[in-house]
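The values are calculated or read from the model by the stated rules, or taken from the named source; none is laboratory data. Since the structure is predicted, the reported quantities are computational estimates derived from the model, not experimental observations. Neighbour counts are summed over all protein chains in view; Cβ atoms, including those assigned to glycine, are modelled from backbone coordinates with ideal geometry. Areas reflect the complete protein model, heavy atoms only, side chains present, ligands, DNA and RNA absent. Shrake-Rupley method; radii C 1.70, N 1.55, O 1.52, S 1.80 Å.
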Amino acid sequence: MQKKLISWYQETHRDFPWRQTQDPYKIWISEIMLQQTTTEAVIPYYERFIKKFPTIQQLAEASLEDVYKMWEGLGYYRRAKHLHETAQIIMDKYHGDFPQHYQDILSLKGIGPYTAGAISSIAFHQETPAIDGNVLRIISRQYLIKDNIALNKTQKKITEIVQDLLIGYDASSFNQGLMDLGATICRPLQPRCEKCPIQESCQAYFHHQEKVLPIHIKNIKHKECHYITGIITYQNQLMLIKNKQGLLENLYGFVQYELESPYSFIEEFMNEYHQSLSIISYIQNIKHVFTHRTWHMHIYHFTVDKPLNHMYTLDEIEKLPLSTAHLKVLKAYLKEKALSH
């Protein structure tokens, strides 16, 4: 099975910019970007990021705001913060050389077992598994594993299987082969078994269970949040605040409160900023979906009669890292403003 998968990968692998390098720094950047983001969406971000920060040192010496700006639109911004912190750790602790041992890589911020395994095997050709959703699915089909792959004990079992499969083989090609196979052939729905290079050894295919497996049942509570989101303006300036912590830490956004009325918003704003607001208009509702929560933003335009702190022109806003949710809010306001003129 290993030989067939590796030769299939070497002959047919997808061509991505991070596959044209052995530089662990660039492989690390790509792996972090590929978390929660499709491959095609990552390519332009990866190329811009590497052009702006071609080395660990340049990333470590950059301002966090510059790093966020290059990340803008990719989402899950904590990844960018961890990249920046980890680059500084590598400069301090490893003198700018990316660590080569799996445990050292795993100890870095924002790097879990999958990413550490991917970097170790691809950049350093070590026999380390890189277990993600694709691998869990493929192995559960290959070995007819009927346990829930969302459970830690099932993931541990599959990790041990892959660990054994890697012994004596090209771990880089094997792990990347599993990634490509999961993305293109051994898909979650409608697997293309007729094109699969390892179909002969697949127990799920043999027992006609390929459309049943894997069993993947998560128990996740999804939260719905309703906000009044305020576009607060003074002449040609808009008020944006930098989030201190939480979901959108260090990103800029509009003031919003979990309330049901714009008049309550005015009261809350007065309590926090000691400044009165005039309500001008309702703009629209926007829905933004995160992994475990959905934001319903009810957008209103308010004005102040004197400039406040945290006010920016549109040109200044262009240079700030805004969250994707609040970029939608800004676009809605600008569209409404254009229509009213």
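Can you tell me what share of the DSSP beta bridges in the stretch 203-336 is antiparallel? A percent to the nearest 5 is fine.
60
For a 24 Å ceiling on Cα separation, which of these pairs sit above it: Lys69/Lys93; Lys223/Lys244; Lys157/Lys195; Lys52/Lys335; Lys4/Lys153; Lys69/Lys109? Don't skip to the answer; put the middle values down first.
On the way: Lys69/Lys93 27 Å; Lys223/Lys244 21 Å; Lys157/Lys195 27 Å; Lys52/Lys335 31 Å; Lys4/Lys153 28 Å; Lys69/Lys109 20 Å.
Going by Cα-Cα distance, Lys69/Lys93; Lys157/Lys195; Lys52/Lys335; Lys4/Lys153 fall outside the 24 Å limit.
Take Cys193, Cys225 and sort them by solvent-accessible surface of the protein heavy atoms, 1.4 Å probe, largest at the top.
Listed by decreasing accessible area, they come as Cys193, Cys225.
Using a 1.4 Å probe over the heavy atoms of the protein chains, calculate the carbon and sulfur portion of the accessible area of the chain as a whole percent.
With neighbouring chains kept in place, the figure for the chain is 50 percent.
To test your reading of the geometry: what angle, between 0 and 90 degrees and rounded to tens, separates the Cα axis of helix 39-52 from the longest principal axis of the chain?
That works out to roughly 70 degrees.
What is the Cα centroid distance between the stretch 1-37 and the stretch 88-105, reported in whole angstrom?
Result: 22 Å between the Cα centres.
Given a Förster distance of 22 angstrom, what is the FRET efficiency for Thr55 paired with Ile89, based on the Cβ-Cβ distance and rounded to 0.05?
Details: r = 15 Å, r/R0 = 0.68.
Step by step, r from the Cβ atoms, then E = 0.90.
Can you tell me the FRET efficiency between Tyr257 and Asp104 if r is taken as the Cβ-Cβ distance and R0 is 35 Å, rounded to the nearest 0.05?
On the way: r = 44 Å, r/R0 = 1.26.
For R0 = 35 Å, the calculated efficiency reads 0.20.
In debye to the nearest 20, how big a dipole does the stretch 58-153 give about its Cα centre with +1 on each Lys and Arg Cβ and -1 on each Asp and Glu Cβ?
For the stretch 58-153, the charge dipole is close to 560 debye.
Stretched out fully, how many nm does the piece from Met270 to Gln203 gain, at 0.36 nm a residue minus the Cα gap? Please report the intermediate quantities before stating the final value.
On the way: separation 67, 0.36 × 67 = 24.12 nm, distance 6.53 nm.
In short, 17.6 nm is gained.
Cα centroid distance between the stretch 277-314 and the stretch 124-184, in Å?
Here the two parts' Cα centres lie 45 Å apart.
For the stretch 183-341, rounded, prolate or oblate, judged on the Cα gyration tensor with a ≥ b ≥ c (square roots of eigenvalues), a/c < 1.5 rounded, else prolate if a/b > b/c? Mind dumping the intermediate values first?
On the way: a/c = 3.37, a/b = 2.76, b/c = 1.22.
Cα axes put the stretch 183-341 in the prolate bin.
Which value, in debye to the nearest 20, gives the size of the charge dipole of the chain about its Cα centre, when Lys and Arg are +1 and Asp and Glu are -1 at the Cβ? Provide the component values of the computation, followed by the final result.
Details: 37 positive and 36 negative charges, 168 e Å.
Value, rounded to 20: 800 debye.
Run the helix sum for the chain: -39,500 (n - 2.57) per DSSP H stretch of 4+ residues, divided by residue count, reported at 222 nm to the nearest 500 deg cm²/dmol.
Details: 15 runs with 161 residues, N = 341.
So the calculated ellipticity at 222 nm is -14000 deg cm²/dmol.
Around Thr294, with a cut-off of 10 angstrom between Cβ atoms, what is the net charge of the other residues, counting Lys and Arg +1 and Asp and Glu -1?
Net charge around Thr294: +2.
Rounded, prolate or oblate: which fits the chain when a ≥ b ≥ c are the square roots of the eigenvalues of the alpha-carbon gyration tensor, with rounded for a/c under 1.5 and prolate only if a/b beats b/c? Can you show the working numbers first?
On the way: a/c = 2.69, a/b = 1.83, b/c = 1.47.
Prolate shape, in that a/c is at least 1.5 and a/b is the bigger ratio.
Let me know the shape class of the stretch 273-329, please: from the alpha-carbon gyration tensor, a ≥ b ≥ c as square roots of the eigenvalues, rounded when a/c is under 1.5, otherwise prolate if a/b is greater than b/c, or oblate. Each step should come with its number before you reach the end.
Values: a/c = 2.22, a/b = 1.38, b/c = 1.61.
Oblate shape, in that a/c is at least 1.5 and b/c is the bigger or equal ratio.
Which distance in nm do the two modelled labels at Arg192 and Ile217 give, with both placed 7 Å along the Cα-to-Cβ direction?
3.1
Using amide H atoms built in the peptide plane, which far-off residues or other-chain residues are under 5 Å from Ala150 H to H?
Ile217
Relative contact order, percent, of the chain when contacts are C-alpha pairs under 8 Å separated by at least 6 residues?
Once divided by the residue count of the chain, the mean separation gives 16 percent.
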